[in-house]
Every structure is written in structure tokens, then in C-alpha cells.
Amino acid sequence: MLISDFIDVAQLEDSVSAGSPRHLPTSQKGRSIMSSHRADTSSDRGSRTSRAVRLGAVLLALVGVTAAATSAGFTDGAWFTGSAAAGTVELQGSLDGKNWQDADTQDQGIAIQIPAETFDNMVPGDKRTVTVHLHNDSTVPVIVSKELLASGPLLADDETTKTLEFAKGASAQTVELAANDATSDQDDTTATLTITAGDWAEDLEASQASANTLSLHFTAQAVPTVSGN
């Protein structure tokens, strides 16, 4: 791109030389020449200098515009893409460690039923146990907590002892299970309920099973993980 594309060079020349006698009519050239000698003062020289400075500034600006218009920069970029998905949490229960069920509520037909004979026909001094199995079928590790709920004359009696203990840490209130892995047993555990009958009063004799109920409630919560580089 040329400077002449931005400015009419001839017009600039005319502008600079506009005060020259050559541009005056012939009849006035004589008087103009004589006058120019008398008027050739420092003020005239300053005016011409100012015009030259302005012209130089214009030319420099046009050179800058030309350079900017003709230069090019090299650029490049780096992109990364990815995705995210939520894990699933599913705690399963079983009485034999083989047949697993999603017993998500205590509703009839959903909750796993402890056989009635397990705590049937109890008398003072009896000690009965039942072991339940838990399996983490989740895609992530979980912390499992336990809760024992019991009600009724026999089970709520002060003489009755009730304990619910995890096999992995008998005194622990929680246990951590690994994510579901068919090649490992770290995603399984058991919990044992023990009921010991105390010195029951005679009025508790023949207390019906329908009046004495219990529930074992286990809750699995996903374990947060922190990763990065």
C-alpha cells in the first residue's frame, strides 16, 4: 500500500507552495516579488516552518497506518474438552449373602423380612442373634451407618439388651465400603443383631409378636474424593 493511496501528493505540494508568487497573476508578480522581499520577516519563516511540521506529522501518521495495514501476526491455540457424570449409590441387603435386594424402604414387600422364628418364643435369659449382609452396589465408595429401632413390651423392656454391630469394626458406628467390584470383598460387610432377654416380669409372658417390632436401618452415603494434578 502506497502513501499516495491516502493523500493527494499534488494537493500537498499546492498547499505548501500556495504562498509562492508563481501562483499570482502575471500583472501582480512584480509587486508581489518586491513585497515579498519587504515581508520576508521571521513571522513568514515561522509560518512556513509550521506548515512543514504539520505535513511531516501527516506523512508519519500515514506511514504508521500503512505498516499496520500490511503487517500480520502469527497466532495459535490449545483446547481441552471433557465431560462429567454423577455416580450412583445403591446399598443392597441380604440374609444369606447371595440373594441381594434393593430394600430402599421399610414398606411391606420391600424391606427384607427377618424370619419370624428368629426371635420367637423367647423366655428370660434367652440370647438370640441374626446376621444381615450388606453390599455396596454403587459406582463410588460409601460410608454405611446403622440404626436399630425397637418397640413393644419385650423389646423396649429395661431388662432387654439389644446390640447391632458391624463385622468390620464391632464398636464402630459406621463402616466404609469400596465401590462395587466383583473381584473383591471390600464392597461387602455384615452386621449382627443380638437380643438378650433379661429377668422379664410374669406379665410379659405370652406377649405377642405383633406387639413387639424391630427395624434395622442402614444408610449409605457417598464418600467425596479429591483428585487433580
- [ ] Look at region 202-229 and say how many of its residues are over 28 Å from residue 166 (Cα atoms), without any contact (Cβ under 8 Å) to a residue 24 or more places away in the chain and over 22 Å from the mean Cα position of the chain (by Cα).
- [x] 5
TODO: Could you grab me the full set of residues in region 75-107 that are outside any loop (DSSP other than H, G, I, E, B) and over 30 Å from residue 227 (Cα atoms)?
DONE: 93, 94, 101
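Residue by residue, here is whether (1) closer than 26 Å to residue 98 by Cβ; (2) surrounded by 12 or more Cβ atoms within 10 Å (Cβ to Cβ); (3) in the same structural domain as residue 102 (by TED's automatic domain parsing) holds:
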{"site": "132", "(1), (2), (3)": "yes, yes, yes"}
{"site": "176", "(1), (2), (3)": "yes, yes, yes"}
{"site": "182", "(1), (2), (3)": "yes, no, yes"}
{"site": "190", "(1), (2), (3)": "yes, yes, yes"}
{"site": "207", "(1), (2), (3)": "no, yes, yes"}
TODO: Residue by residue through region 108-163, note down the ones that are part of a strand (DSSP E or B) and small (Gly, Ala, Ser).
DONE: 145, 150, 151
Open item on the list: Restricting to region 163-201, give me the number of residues that are under 21 Å from residue 112 (Cα atoms) and free of Cβ contacts under 8 Å to residues at least 40 places away in the same chain.
Closed with: 6
Open item on the list: Only one of 92, 106 is closer than 27 Å to residue 206 by Cβ and under 43 Å from the mean Cα position of the chain (by Cα). Can you tell me which?
Closed with: 106
Open item on the list: Take the residues in region 113-129 that are aliphatic (A, V, I, L, M) and surrounded by fewer than 16 Cβ atoms within 10 Å (Cβ to Cβ); name whichever of them is farthest from residue 190 (Cα to Cα).
Closed with: 123
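The values are calculated or read from the model by the stated rules, or taken from the named source; none is laboratory data. All of these numbers come straight from a predicted model, not from anything done at the bench. Note that we place each Cβ from the backbone using ideal geometry, even for glycine, and neighbour counts take in every protein chain shown.
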